[in-house]
Structure formats: C-alpha cells, structure tokens
There are 2 protein chains.
Amino acid sequence: MEQLLIIKIGGNVIDQPEALENFLNEYAGIAGKKILIHGGGKIATDISRALGIETQMVDGRRITSRETLKVVTMVYGGLINKTIVSGLQARGCHALGLTGADANCMVAKKRSGKNIDYGFVGDIEQVNVNPVKQFLNAGLAPVFAPLTHDGKGTLLNTNADTIAATLATALCVTYEIRLVYCFDKKGVLASTDEDSVIPRLTLAQYRHLKEEGIVSKGMLPKLDEAFAALQAGVAAVILCHASQLQLAVQHHPPVGTTLSLQ
Amino acid sequence: MEQLLIIKIGGNVIDQPEALENFLNEYAGIAGKKILIHGGGKIATDISRALGIETQMVDGRRITSRETLKVVTMVYGGLINKTIVSGLQARGCHALGLTGADANCMVAKKRSGKNIDYGFVGDIEQVNVNPVKQFLNAGLAPVFAPLTHDGKGTLLNTNADTIAATLATALCVTYEIRLVYCFDKKGVLASTDEDSVIPRLTLAQYRHLKEEGIVSKGMLPKLDEAFAALQAGVAAVILCHASQLQLAVQHHPPVGTTLSLQ
C-alpha cells in the first residue's frame, strides 16, 4: 500500500511565529503524500476579546456561540490556514487549504450535549475520501483547518486532534498511514521531567499510566483517539515535538513516543 | 470548446444576507463548469474598526497595512469564503474555496505605487491554470476569495473584478468563457434611471459614454478590464443584477448588459 503521512500541529506552535516557521521548514522538507491538520491557538481568543465576544470554556472545551463561530471561521479558516498555505508554497510544498465544507470533505453533526450546550461544535459523521484522494493524486498537500460543516449550510468547530484521527481512520483502507501529533512536548512523558519521553507506549502501559494519573488530563482525549485509530488499522501513531518532525518520520527508531497496540 | 462560466459577485451583495442567499440559489442552479469570485464588502471595514485598525482609502482603494492584511485574510479567506462554500454545498453545488495561494493558483507582485504605497496589494503576474482545470475536471466549483500570494510567503489583497478578468483571460485558451459580473445594478445604465439598462454595449459606444462622463467612475476599471478580456479572447462578458444571474446566462437574449467589441 502507498504511504501517507497525516500530521497534526497544535495551536501552541501556531501561536509562536518562530516555532511555526521552523515547523513549516520541517514539514515542507518531507517527501511523499501528506496531509496537515492545524489547531486553533490563542489568536481566536485574542480576536474575540478585542471584538468584545466572551470566550466561554467548559472542561477545556470552547463553547462556540454564533459570534464565536464567526471568529473561528475567520481565524482558523482564514488567517491561520492561509498563512500556513502561503508559507508552505513559499517552501515548494504544493499546499491546498481546506475546511470540511470545501469539496464536502467532512460532514459533521452539531453536538447535542446532555447537560452542556456546546454551541456550534461538530462531531464528524462522514469523511468523503474521494476528493481528498484526488487532491493527493494531483500532487497537492491538503491543509485542514479545524472546521467542518453540517451539509445544510452551517460551519462547525471541530477539534483538530479528532479530525486527524478520523481522517487517518477513513483513509487507512487506501493508504499505509502514519499519524503524527506534533506539539510542544518531546512525546508522552513518564513524569514532569520534560526529557522523560516514553519511546514506545503500549495500550496496556497507557491504561496503567492513565489509572495512576501519570498522563496529563489534556493528553487523554488525544491518546484515546490515537489508540482507537491504531485499532482501526492506522499503521503507526507517533507523538513528537514540532521541531523534530523529520526525526520522527525519517529516522529509525523515530524520536518521540510511538504508540503500539501490543 | 467546452463552456466555462466565470462569475464575480460584489461585496455589496455579500453584505446583505438575503441577497446573498438569493444569489447562492441562482448560482447553485446553473449546470456545467463554473468558477465564482467574491469581493470583500464592508465586513472587513467593520471588523477593522472593532479591532481599532484604521481603514485608509485612496481613490476608492483600500490601503492594505500589515494589520489590514490580517483582517482581509480572516474575513475574505475565512468568513466570507467559507460561508459561501458551505452555503453552496448545502444547495448541492460542489464548491471548493480557494485563494491564490492555494495550489499556487495565482501569483502576484506587491504593487509599488509611484506616489502612493498601497501596502499589501498584489497585481497578478501568473495564473496557474492546471490546478484550476483539475478542480473543474473533478466536478468541483472553485470559489475564489480576493487574495493572492507572492510565492514567498506573503498573502496579497487583490481586486475581485481583476481576478475574474485575469482568470477568464488565462483560461480562454481552453474554454469558451462567459464572464459575468453580478452586482446591485441591472447592468450598465445610460442614465441615473435604474431601468436605463444598455442591453448591448460596443467598445465604440463605451468610449463615447466614457468621454461624456455618463458611465459612473466606479464602473470604469471594471469595464476597461472586461473589454480587455473580450479582446484577449473571452467569448462574452455580461453585467447583471445578482438576483438575475440565471436570466443572464440561461436566456437569450440575456438580461443585463452584454459587452461587444463591434
């Protein structure tokens, strides 16, 4: 099977211009078929504040009011996505910016919370792999903003980690996929020591670390989804520092943490 | 030759939700290969004001400071483009949102004014028709925001009328192109009477109207570029009201004003 890299870059990297430039160099330098998914970062919060829109967070999740949806559509779909696309094109990477609405790539359903109304947040229901494959076959490198749509004219805010895992799962019938989460840590850490990277994390070890409360709370959804992607047939999942992407995908053994079912 | 419709929709239509919805119905209802280019509208000015960024205009042209560039990237490339794309997808039109940076479709040069520094405004130097043709052949309907890039990592603000005429000119080797400018008038008017539409306007008549000062100043660049596109080989240019798009492209004779070289 043909190889495909699916790489997610977190908002904390996007917020730092130098770190972002460095990441774009790393990303553009990787050959072969690849897809990038970017997060949001603090810019949306800053813009919201400047526009007098209150950002409400519940359990680390942004509540997306109609006004907030406009801001994230502007910031994620416009400012961040196009900055990354033009930055990649300048580096010879044939990037194409997308949201789930573009070419109808990802259709989501507005989340109906039991106790909380998350607002315009979407849970992906359908990935249309054909346009994505057409773009890849045309030599393009899709760059997804964390936005989907409901197919009825409403855009929805969707977590970038989830988009990455869902795309990887949907495309693993066609491609041998490595899913890489780039963030501001060197991998999954065994302690508060930034260098305590666990090179290989099995599902059993992860469950143990989870029970012991060793893995930080913010990492749990990411890792749960990543292990689910592995179980669904994604060939490999790696978590690494954004500045070490090439070492994570071009070297053996990779830097960072490689997840493993057994 | 295969037919292609290139349609430009002005900012004044985008600013009115009902007019925009109506236009999207008209646009989605047209069969065949088509490309939409949208303008900016007042939203960017409103957002700039709210963010405390001063909008400077010279001769009806926005001066694009670095801060203004961020706002237009958000508003044109994000909010407006993705609102249109999701609205078209909801109507069964397989839209794909683009800027000139995406797939490197349009490369521009930052304008160096003699007396005025226009800031981050780009004049198109190169249209890469291959990705555009690939999208059309894949059954997609490209939707262009009025943004280009310099190929070196900088996005540039580019007039939507100019993008429409330039795309039409670049693609007329491959397609029989009808270029349609949709706006809030019924066509080119012979007087201040909104119903005084000139059904067929020849280049000689246009020159005469121009000398007499009958055509409004804001229309001149649009018409100059439109006649240049005709001279370059575009099959037809029509100017019509946004609510009458289908009557302009599906009926004979078309409503609105049809430009003609002779």
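The values are calculated or read from the model by the stated rules, or taken from the named source; none is laboratory data. Bear in mind that the values here come from a model prediction, so they are computed numbers and not experimental data. Glycine gets a Cβ as well: all are built from the backbone with ideal geometry, and neighbour counts include every protein chain shown.
Identify the residue in region B:88-111 that is of a type outside the set (A, V, I, L, M, F, W, C) and under 18 Å from the mean Cα position of the chain (by Cα) and, among all such residues, is nearest to residue B:19 (Cα to Cα).
B:97
Where residues in region A:90-104 are facing chain B (nearest Cβ under 8 Å) and touching a Lys or Arg at 6+ places or on another chain (Cβ under 9 Å), which of them is surrounded by the fewest Cβ atoms within 10 Å (Cβ to Cβ)?
Per the stated criteria, the residue is A:90.
State whether one or more residues within region A:131-143 are of a type in the set (Val, Ile, Thr), part of a strand (DSSP E or B) and touching a Ser or Thr at 6+ places or on another chain (Cβ under 7 Å).
no
Could you tell me how many of the residues in region B:49-70 are within 26 Å of residue B:242 (Cβ to Cβ), in a strand (DSSP E or B) and of a type outside the set (Val, Ile, Thr)?
3
One line per residue, one yes/no per condition, for (1) within 20 Å of residue A:78 (Cβ to Cβ); (2) assigned to a strand (DSSP E or B); (3) free of Cβ contacts under 8 Å to residues at least 40 places away in the same chain; (4) aliphatic (A, V, I, L, M):
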| residue | (1), (2), (3), (4) |
| --- | --- |
| B:6 | no, yes, no, yes |
| B:20 | yes, no, no, yes |
| B:27 | no, no, no, no |
| B:31 | no, no, yes, yes |
| B:37 | yes, yes, no, yes |
| B:41 | yes, no, yes, no |
| B:44 | yes, no, yes, yes |
| B:47 | yes, no, yes, yes |
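Only one of these conditions is not met by residue A:115: (1) closer than 15 Å to residue A:149 by Cβ; (2) not in a helix (DSSP H, G or I). Which number is it?
(1)
Of all the residues that make up region A:74-97, how many are in a helix (DSSP H, G or I), touching a residue at least 60 places away in the same chain (Cβ under 8 Å) and over 19 Å from residue A:47 (Cβ atoms)?
Adding up the residues that qualify gives 2.
Do we have residue B:152 as surrounded by fewer than 23 Cβ atoms within 10 Å (Cβ to Cβ), more than 24 Å from residue B:249 (Cβ to Cβ), free of Cβ contacts under 8 Å to residues at least 40 places away in the same chain and within 14 Å of chain A (Cβ to nearest Cβ) here?
yes
Consider residue B:193 carefully, then state whether it is among the acidic types (Asp, Glu), touching a strand residue (DSSP E or B) at 6+ places or on another chain (Cβ under 7 Å) and farther than 16 Å from residue B:36 by Cβ.
The answer is no for residue B:193.
Which residue, of B:148, B:162, is closer than 17 Å to residue B:127 by Cα, assigned to a strand (DSSP E or B) and of a type in the set (Ser, Thr, Tyr)?
B:148
Looking at region A:8-18, which of the residues that are in contact with a strand residue (DSSP E or B) (Cβ under 9 Å, 6 or more places away or on another chain) and assigned to a helix (DSSP H, G or I) is surrounded by the fewest Cβ atoms within 10 Å (Cβ to Cβ)?
Selected residue: A:12.
So that you can scan it fast, the table gives a plain yes or no per residue for (1) at the interface with another protein chain (Cβ under 10 Å from one of its Cβ atoms); (2) surrounded by fewer than 20 Cβ atoms within 10 Å (Cβ to Cβ); (3) within 30 Å of residue A:108 (Cβ to Cβ):
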| site | (1), (2), (3) |
| --- | --- |
| B:40 | no, no, yes |
| B:43 | yes, no, yes |
| B:48 | no, no, no |
| B:52 | yes, yes, no |
| B:56 | no, yes, no |
| B:65 | no, yes, no |
| B:77 | yes, no, yes |
| B:88 | yes, no, yes |
| B:111 | no, yes, no |
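On the basis of being surrounded by 21 or more Cβ atoms within 10 Å (Cβ to Cβ) and either of a type in the set (Ser, Thr, Tyr) or not in a helix (DSSP H, G or I) (or both), does residue B:177 make the cut?
yes
Among the residues of region B:17-34, is any modelled with pLDDT of 90 or more, facing chain A (nearest Cβ under 8 Å) and out of contact with any His (no Cβ under 9 Å at 6 or more places or on another chain)?
Within region B:17-34, not a single residue is modelled with pLDDT of 90 or more, facing chain A (nearest Cβ under 8 Å) and out of contact with any His (no Cβ under 9 Å at 6 or more places or on another chain).
Among the residues of region B:188-241, how many are over 22 Å from the mean Cα position of the chain (by Cα) and at positive phi?
Qualifying residue count, region B:188-241: 1.
Note down all Cβ pairs under 8 Å where the first residue falls in region B:117-138 and is within 14 Å of chain A (Cβ to nearest Cβ) and within 28 Å of residue B:70 (Cα to Cα), the second is of a type in the set (Val, Ile, Thr) and crowded, with 21+ Cβ neighbours inside 10 Å, and they're at least six residues apart or on different chains.
So the pair list comes out as B:120/B:64; B:120/B:68; B:122/B:148; B:122/B:158; B:132/B:35.
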